[in-house]
Each structure stands twice: as structure tokens, then as C-alpha cells.
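The values are calculated or read from the model by the stated rules, or taken from the named source; none is laboratory data. These numbers come from a predicted model, not from an experiment. Backbone-built Cβ (ideal geometry, glycine too); neighbour counts: all protein chains shown.
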């Protein structure tokens, strides 16, 4: 299925022997893509915008690692295709990266509910993050936030137009009481995501 259909199907997945032939090139493409799609929001959070290509690569890599054959393909597509932007949205992975495990645990325990405090600001529009499914949220037992979150940003048409216009600043914002930070999204990133995701 063509990328323009904004979904990944089994027909898009390469057999492992064919994937190995292009893997080095695809990994290099991913490194270059992350320079455009990954932004730091404050000292501990990284927001990485996803695309058809990033999710396709993730599926291929999971198949390579686990070598589960045909039976694994449907499961990986089920897991990762929802994070392919479907045309009026951006999708992103938020990762709190704190190397020291004791410090990481302490900080994450202060960030319960952070998934409700993430948004993109564009042209006067505030596009709130919508967590993917019911996983990787705040743990009910003790209020500890996960280190990794998967988000959709559902754009109304005027917000898409504002993003595509290239005018005015665009920001990624986390406004949690214990983690209040924002980052300007560059013009290059904005243009790339407009081409890939809208």
C-alpha cells in the first residue's frame, strides 16, 4: 500500500533477507529524520514526532529482533500502525530521559497525570495531546508517571492551515505543575511534518 494512504499493511513489510539489504540505509535515514522530528522540552523530556517511515522502520526492526515470522507481522502492525499520522493529526512519543535510576524514579513520582498537560500551540490554537490507547499512562497505585508516552494531536482544520502557513511561532508545551517547559518547533521541522503528516 502506498505511504500516501497513511497506513501500514502486511504488503509493505519486507522479508528479513530483503530488509537486511537496505537496513543500513534506512537506519541512516532515521538518524537524519530525527534531527528534524526530535525536540527537547525542558531538561528531561524529548518529544519525537512519528511518521509512516518511523513506524515502518520500528515494525521491521521488531520483526528482525524477535524473528517471529508471518505470525508476528499482524501483531506489530496492530501495535504501531495507529501511530502513523492519518492526515489531520500529528503523533509523537514523549520520553523522560533521566540516566540515574534513583533520580528518575523520584522525578517520575512527581509527574503523575503529565499526559493531560502536553499540547502544541500554533496560530492561537492549542492542540491538546490525546494518549494512545490506555497504556503507558500514570500508574494508579502510586501516581507514578511512565517514562514513555504515546500521543496523538488531533488538529482542527484551522490549526492545520495555521501550521502549514509557516507564519508565527509553533511550540510544544508541557504545563504540568512539577514540569513546566516549552520548546519552539523550528521552521524546518514544521515544514517536514506538514509534508509528511497533513
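As for region 116-132, it holds no residue that is over 24 Å from residue 193 (Cβ atoms), at pLDDT below 95 and crowded, with 17+ Cβ neighbours inside 10 Å.
Within region 139-161, residues that are on the phi < 0 side of the Ramachandran plot and touching a residue at least 12 places away in the same chain (Cβ under 8 Å) reach partners that are part of a loop (DSSP other than H, G, I, E, B) and surrounded by 20 or more Cβ atoms within 10 Å (Cβ to Cβ) with beta carbons closer than 6 Å, at six or more positions or on different chains, in the pairs 145/111.
A residue that is in contact (Cβ under 8 Å) with a residue 12 or more places away in the chain, touching a helix residue (DSSP H, G or I) at 6+ places or on another chain (Cβ under 6 Å) and assigned to a helix (DSSP H, G or I) cannot be found anywhere in region 91-104. Is it the case, given these coordinates, that residue 25 is assigned to a helix (DSSP H, G or I) and under 16 Å from the mean Cα position of the chain (by Cα)? Taking the combined requirement at face value, the residue does not satisfy it.
Restricting the first member to region 5-22 and to residues that are free of Cβ contacts under 8 Å to residues at least 24 places away in the same chain, and the second to residues that are assigned to a loop (DSSP other than H, G, I, E, B), the beta-carbon pairs closer than 8 Å and six or more apart or on different chains are 11/1; 22/14. Of everything in region 146-158 that is surrounded by fewer than 22 Cβ atoms within 10 Å (Cβ to Cβ) and out of contact with any helix residue (DSSP H, G or I) (no Cβ under 7 Å at 6 or more places or on another chain), the residue that is nearest to residue 52 (Cα to Cα) is 152.
The condition of being closer than 23 Å to residue 198 by Cβ, modelled with pLDDT of 95 or more and not in a helix (DSSP H, G or I) holds for only one of 8, 77, that being 8. As a summary of the residue check, residue 166 satisfies the conditions (1) touching a helix residue (DSSP H, G or I) at 6+ places or on another chain (Cβ under 8 Å); (2) surrounded by 16 or more Cβ atoms within 10 Å (Cβ to Cβ) except for the one numbered (2). Just name the residue that is nearest to residue 148 (Cα to Cα) out of those in region 34-56 that are in a helix (DSSP H, G or I) and free of Cβ contacts under 8 Å to residues at least 24 places away in the same chain. Here the residue is 34.
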